[in-house]
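Enquirer: Quick one: the structure is below, and I'll ask about it shortly.
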Amino acid sequence: MGKLAQATSKYIIYAHFEADGTVEKPDVIGAVFGQTEGLLGAELDLRELQRTGRIGRIDVDLKTVNGKTSGTVIIPSSLDSSETALIAACAETIERVGPCNAKVFVEKIEDVRIEKRKYVVDRAKELLGKIFDEGIEDIQSVSEEIKESVRVAEITNYKNMPAGPGIEMQESIIVVEGRADVLNLLKNGIKNVIAIEGTSVPPQLAELTKGKVVTAFLDGDRGGDLILKELAATCEIDFVAKAPRGKEVEELSKKELFKALRDRIPADQTSTEYSGEKRQFREEHVEERKIEIDASKTARFKEILDSLTGTRAAYLLNDNLDVLGKVPLREMFNALRELEAEVLVFDGDIDQKTVGIAFQNGIKYLIGIRISGRLKIPEGMAVLTQNDL
């Protein structure tokens, strides 16, 4: 702020002077007071104004070159703008400084408040930038801390096993290996999860799995294979999901978690043996299965499938082959979850994903246009195509 440090000043007068000889600061200040005295009356006399604090300390910057002195007279003022202008005009009446002839002219009258505002705005921008730069990290840190606290708070202890809230009330549960896995799933909004917390499956977990749809979600390593064998021997496991080979459930991103759960397969179709980097499953092509279905049902399936051809839609039927609903293909999976259907006939290709979701939602007969790739068909489900009908 420099000379703006004159705290009570509103304006600063900058008056340039040139003297024909060598002069000192006291000569200049004396000329200012002496030669302006009485010009504007007693009320605007410089000595009186300075005594009452309405004119600040007068300063002089000067230099002498080749026997002549020039410089700037600086007069702080807390008077109003018109009175300050009068004082400035008075300064220009000075004709001598010390023993020398002199000329004085006002260069400018500076509004200190404008300069202060500019300083305040610039400084505020600078401070805001620092606050913002430092705050981003702080906000992220606090946000993560809050999320972590919420996740930890959501973890309950179900018979000495880390679990999501209300695990015993869930219709379907996900069994993972450890507490860190539970935390990661809770972080990403999956709460129906419980951890074995060890390699030995507790008997209370076996009891919990009875009557529930159970997915074992395990690490993609040899340890995950061993735990799967233990789970299969002691609990009612319906589906198996695995982290990518070499990864653990606790380190998966949200996208990886949901992909692994989406790609889960029926437990009776899995093998815990690995060959190289790829899981090996016993595969069976659906067309190699011998399908024996009542002729009346086959005729009904054919009738419905023929009516759907080209419509990109699906029919859901009950066990008596009564239509429960017809929906576009994009809504087919949602409809499966809402309607208690046992037959799904749709205008599309049958892939492993469709088989898994249909089986999970109680479908006994899955009828589509054709087979896409090789399928693993769960026990208790029949898969038919146009060729079968």
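The values are calculated or read from the model by the stated rules, or taken from the named source; none is laboratory data. From a predicted model like this one, the values you see are computed outputs, not experimental measurements. Quick reminder, even Gly has a Cβ in these numbers, built from the backbone with ideal geometry, and neighbours come from all protein chains shown.
Enquirer: With the checklist (1) exposed (fewer than 15 other Cβ atoms within 10 Å of the Cβ); (2) at pLDDT 90 or above; (3) out of contact with any Phe, Trp or Tyr (no Cβ under 8 Å at 6 or more places or on another chain) in hand, flag the one item Gly2 doesn't pass.
Expert: (2)
Enquirer: Could you grab me the full set of residues in the stretch 56-100 that are touching a residue at least 60 places away in the same chain (Cβ under 8 Å), more than 14 Å from Thr22 (Cα to Cα) and β-branched (Val, Ile, Thr)?
Expert: Val73, Ile74, Ile75, Thr84, Ile87, Ile94
Enquirer: I need the full set of residues from the stretch 53-92 which are more than 17 Å from Asp111 (Cα to Cα), out of contact with any strand residue (DSSP E or B) (no Cβ under 8 Å at 6 or more places or on another chain) and aliphatic (A, V, I, L, M), in order please.
Expert: Result: Val65, single match.
Enquirer: Look at the stretch 202-223 and say how many of its residues are surrounded by fewer than 20 Cβ atoms within 10 Å (Cβ to Cβ) and either assigned to a helix (DSSP H, G or I) or without any contact (Cβ under 8 Å) to a residue 60 or more places away in the chain (or both).
Expert: Number of matching residues: 11.
Enquirer: Restricting attention to strands (runs of 3 or more DSSP E) lying wholly within the stretch 340-389, give those where 3 or more residues are in contact (Cβ under 8 Å) with a residue 24 or more places away in the chain, farther than 15 Å from Leu324 by Cβ and over 41 Å from the mean Cα position of the chain (by Cα).
Expert: Numbers: elements: 343-346, 365-367, 382-384.
Once the strands (runs of 3 or more DSSP E) in the stretch 340-389 are filtered for at least 3 residues that are in contact (Cβ under 8 Å) with a residue 24 or more places away in the chain, farther than 15 Å from Leu324 by Cβ and over 41 Å from the mean Cα position of the chain (by Cα), what remains is 382-384.
Enquirer: Let me ask something else. Checking Met169 against (1) within 28 Å of the chain's Cα centre (by Cα); (2) free of Cβ contacts under 8 Å to residues at least 24 places away in the same chain, only one condition comes out false. Which one?
Expert: It fails just one condition, (1).
Enquirer: In addition: What pairs can you find where one residue is in the stretch 101-127 and not assigned by TED's automatic domain parsing to the domain that holds Ala85 and among the aliphatic types (A, V, I, L, M), the other is assigned to a helix (DSSP H, G or I) and at pLDDT 90 or above, and their Cβ atoms are less than 7 Å apart, with a gap of 6+ or different chains?
Expert: So the pair list comes out empty.
Enquirer: Pull up the stretch 378-389, narrow it to residues that are surrounded by fewer than 19 Cβ atoms within 10 Å (Cβ to Cβ) and aliphatic (A, V, I, L, M), then point me to the one that is nearest to Glu342 (Cα to Cα).
Expert: Met381
Enquirer: Follow-up. When you look at Lys376, is it modelled with pLDDT of 90 or more and out of contact with any Lys or Arg (no Cβ under 6 Å at 6 or more places or on another chain), yes or no?
Expert: Working: modelled with pLDDT of 90 or more: no; out of contact with any Lys or Arg (no Cβ under 6 Å at 6 or more places or on another chain): yes.
Criteria not met by Lys376.
Enquirer: If you take the residues in the stretch 155-184 that are among the aliphatic types (A, V, I, L, M) and outside any strand (DSSP E or B), which one is modelled with the lowest pLDDT?
Expert: Ile155
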